[in-house]
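In what follows, a structure is listed as structure tokens, so that the remarks can point back to it.
Every number here is computed from the coordinates shown, using simple stated rules; none is lab data. What you see is a predicted model, and the numbers here were worked out from it, not measured in a lab. Positions of Cβ are backbone-derived with ideal geometry, glycine not excepted, and every protein chain shown enters the neighbour counts.
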Amino acid sequence: MKLVLATQNKDKVREIKNFLSGLKIQILTVDMFKRNLTLKETGKTLEENAQQKARQIYRLTKLPVLADDSGLEVDYIKGKPGVRSSRFAGEKATYLDNNLKLLKLLQDVPSRQRKARFRCVMALKLSEKKVKLLEGKISGYIATERKGKSGFGYDPVFYIPRLKKTFAQLSLKQKNQISHRSKALEKVKKYLQSLPIRK
């Protein structure tokens, strides 16, 4: 079975490939079909964006597609950045830009009010008509400063109390055992394994 990942984020591709490596699936990327493609993300929710990307790439490739949209939801700022997580500090914002904006907004906010969660919604499109949505999430807190050099996105500021580390202080193996994306991917993996074997 071939599966196209509907993302141009190389960090996401690396995590997803690593997680699904045990399946008998040939994982393909969007760049193999069309370079410099702009994936549409105009939805108001993670669910809408994931489905939008899955449908766009399915129309392009006519192959099974896995798309995801992930967001960081911070209680103190009413669930923001949420669906705009990658563009929180502007349309061309870097990971650092987004981290610094978040830290500035939470400056002097006490730790008990810094609760946050990462959510990942996966859209698995295997046919023209059907899209399967699967979600994973993990709760934590926003740190007062960036820590760690692994991971990407908001990983340096997302703190897991029970581990006493940010996501960016974990190895990829450690992160893939607990992250929102790994929880969603575990559901994707089980769903794919439940399907009849295609010959």
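A few remarks follow.
- Mean ellipticity per residue at 222 nm, deg cm²/dmol - from DSSP H runs of n ≥ 4 across the chain, formula -39500 (n - 2.57): -9000 deg cm²/dmol
- Among Arg59, Arg114, Arg35, residue whose mean-square fluctuation peaks in a GNM of the chain (springs only between Cα atoms under 10 Å): Arg35
- Per-residue HN-Hα couplings for the range 143-157 [Karplus 6.51, -1.76, 1.60; θ = phi - 60°; Hz; x = Gly/Pro]: 5, 8, 8, 6, 9, x, 10, 8, x, 7, x, 8, 3, x, 10
- Going from the fewest other Cβ atoms within 10 Å to the most, the residues Lys187, Lys125 appear in the order Lys187, Lys125.
- Under DSSP loop assignment and at most 16 Cβ neighbours within 10 Å, longest chymotrypsin sites (Phe, Trp or Tyr not before Pro)-free interval of the chain: 34-151
- 5 angstrom amide H check on Thr29, placed H, neighbours 5+ away: Leu5
- Rounded to the nearest whole Hz, the Karplus-based 3J(HN,Hα) values (6.51 cos²θ - 1.76 cosθ + 1.60, θ = phi - 60°) of the range 55-61 follow the sequence 5, 4, 6, 5, 4, 6, 9, with x at glycine and proline.
- By other beta-carbon atoms within 10 Å, ranking Thr166, Thr38, Thr29 with the fewest at the front produces Thr38, Thr29, Thr166.
- Thr166 long-range amide H proximity, modeled H, under 5 Å: Ile160
- Distance histogram in 10 Å bins (all Cα pairs of the range 2-194, percent per bin): 9, 37, 35, 16, 3, 0
- Put the Cα centre of the range 103-177 next to the Cα centre of the range 59-95 and the gap is 12 Å.
- Ordering Met122, Met32 from the fewest to the most neighbouring beta carbons within 10 Å gives Met32, Met122.
- 0 to 90° range, to nearest 10: angle between helix 95-105 axis and the chain longest Cα axis: 40
- Among Leu23, Leu46, Leu124, residue whose mean-square fluctuation peaks in a GNM of the chain (springs only between Cα atoms under 10 Å): Leu23
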